[in-house]
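The values are calculated or read from the model by the stated rules, or taken from the named source; none is laboratory data. Just so it is clear, the structure is predicted and the values come from calculations on it, not from any experiment. Note: ideal-geometry Cβ built from the backbone for every residue, glycine included; neighbour counts use all protein chains shown.
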Amino acid sequence: MILKTERLLLREMTQDDLPALQGILQDEETMYAYNGAFDEAETQAWLDRQLSRYAQYGFGLWAVVLKESGGMIGQCGLTMQPWRGDEVLEVGYLFNRAFWHHGYATEAARGCMEYAFDRLGAREVCSIIRETNLPSRRVAERNGMTVRDSWVKHYRGIDMPHVRYCAARE
């Protein structure tokens, strides 16, 4: 177990989490900020990337497990992400649509931010969010992050304006 919050447990994902991950990454509505759902190969590559991140950095996107049921409801964690020719520490989150609007993303992201500051000694944590992804932007704002700057990322064949929210260590 990486961390616990009031209602959630965060742990490293394993190959056994692929079905739950498919329920997230292969849902068109959930994946609108990524310009569409992933196919089988893209979903496996996503999981493989997290496993590589755990080995390289000791962190990545973690499985978010609901304490109440023991089921994986999403993913949230820390990743190193490119931003304007640099690399920044990002807290990212993506949840199964059935679990939206319950505050889980805010709770998990807050726990990950605390982990970054307290356990990793990070001075700053960012969230890079597609400009039109208002729910994710609200999560960042609820966790005290503010817009630092913006940039157009080219992803899946289109230009996507993104904003970078940041919070500094207190």
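Below, the figures for the structure above:
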item: Residue within the stretch 146-164 that is within 20 Å of Arg11 (Cα to Cα), of a type outside the set (Lys, Arg) and surrounded by fewer than 17 Cβ atoms within 10 Å (Cβ to Cβ) present; result: no
item: Test: residue in the stretch 79-93 that is modelled with pLDDT of 95 or more, within 13 Å of the chain's Cα centre (by Cα) and in a loop (DSSP other than H, G, I, E, B); result: no
item: Tally, over the stretch 48-70, of residues that are in a loop (DSSP other than H, G, I, E, B) and loosely packed, with under 13 Cβ neighbours inside 10 Å; result: 5
item: Tabulated pairs, the stretch 108-120, first at pLDDT 95 or above, second part of a helix (DSSP H, G or I), C-beta under 7 angstrom, 6+ apart or interchain; result: Ala109/Val139
item: Selection from the stretch 94-127 of residues that are part of a helix (DSSP H, G or I) and of a type in the set (Gly, Ala, Ser); result: Ala98, Ala105, Ala108, Ala109, Gly111, Ala116
item: Residue selected from the stretch 108-122 under the condition of a type outside the set (Gly, Ala, Ser) and surrounded by 20 or more Cβ atoms within 10 Å (Cβ to Cβ), by the criterion farthest from Gly92 (Cα to Cα); result: Tyr115
item: Count of residues meeting criterion [surrounded by fewer than 14 Cβ atoms within 10 Å (Cβ to Cβ) and touching a Ser or Thr at 6+ places or on another chain (Cβ under 9 Å)] in the stretch 132-145; result: 1
item: Qualifying positions in the stretch 6-29 - part of a loop (DSSP other than H, G, I, E, B) and either of a type in the set (Lys, Arg) or buried (at least 17 other Cβ atoms within 10 Å of the Cβ) (or both); result: Arg7, Glu12, Met13
item: Qualifying residue in the stretch 12-29 (condition: closer than 23 Å to Met145 by Cα and in contact with a Lys or Arg (Cβ under 7 Å, 6 or more places away or on another chain)); result: no
item: Extreme residue, farthest from Ser127 (Cα to Cα), among residues of the stretch 33-84 that are among the hydroxyl-bearing types (Ser, Thr, Tyr) and either touching a strand residue (DSSP E or B) at 6+ places or on another chain (Cβ under 6 Å) or touching a residue at least 24 places away in the same chain (Cβ under 8 Å) (or both); result: Thr43
item: Residue within the stretch 132-141 that is over 20 Å from Glu29 (Cβ atoms) and not β-branched (Val, Ile, Thr) present; result: yes
item: Of residues in the stretch 30-47 being in a loop (DSSP other than H, G, I, E, B) and under 15 Å from the mean Cα position of the chain (by Cα), the one surrounded by the fewest Cβ atoms within 10 Å (Cβ to Cβ); result: Met31
